[in-house]
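In what follows, a single structure is set out as structure tokens and then discussed.
The values are calculated or read from the model by the stated rules, or taken from the named source; none is laboratory data. What you see is a predicted model; the values in this text were computed from it and never measured. Methodologically, a virtual Cβ is constructed for each residue, glycine included, from the backbone with ideal geometry; neighbour enumeration extends over all protein chains shown.
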Amino acid sequence: MGRGWRVAVVVCVVSLSVLHGQSRFDGRWQGATVAGRRVALDLKEISGSRLTGTFTLDQQTVVIADGRVKDRTCSFRISIEGRTPSVSGELLGEQLTLAVEGVPNPVQLRRVK
């Protein structure tokens, strides 16, 4: 084997390690409800299965509770506006679709870069 081939293998292995070390959910997400209310999430995945962060609806920000991640889905609870709904999300590329308990329409969020 030539030296160039070994270098290419090392670069691929390092790249894969870096990619697997990054969470798909980490970061800031923004969007709006059908009624035009601004929604933002600031998320941090911990140990590959726990999720922490904040949820903002217009100007009110709350800490998420019981955050979980599995593959391309997440779930958590929030206490906001006198309610404590469960929230579930599905990740597709740079878009996160949230279904909020008691809310008929899903909320589409995009990752903020």
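Just a few scattered comments:
- Check on Ser47, within 16 Å of Ser23 (Cα to Cα) and of a type in the set (Gly, Ala, Ser): yes
- Taken together, the residues in segment 76-88 that are without any contact (Cβ under 8 Å) to a residue 24 or more places away in the chain and within 20 Å of Arg50 (Cα to Cα) amount to 7.
- For segment 72-86, the condition holds for at least one residue, the condition being that it is modelled with pLDDT under 95, not basic (Lys, Arg) and not in a loop (DSSP other than H, G, I, E, B).
- Filtered residue count, segment 39-50, keeping only those that are assigned to a strand (DSSP E or B) and farther than 15 Å from Ser86 by Cα: 8
- Considering Val69, Val100, Val62, Val34, the condition of being over 11 Å from the mean Cα position of the chain (by Cα) and either without any contact (Cβ under 8 Å) to a residue 12 or more places away in the chain or crowded, with 16+ Cβ neighbours inside 10 Å (or both) is satisfied by Val100 alone.
- Qualifying positions in segment 51-67 - in contact with a Lys or Arg (Cβ under 7 Å, 6 or more places away or on another chain) and part of a strand (DSSP E or B): Leu51, Thr52, Gly53, Leu57, Ala65, Asp66, Gly67
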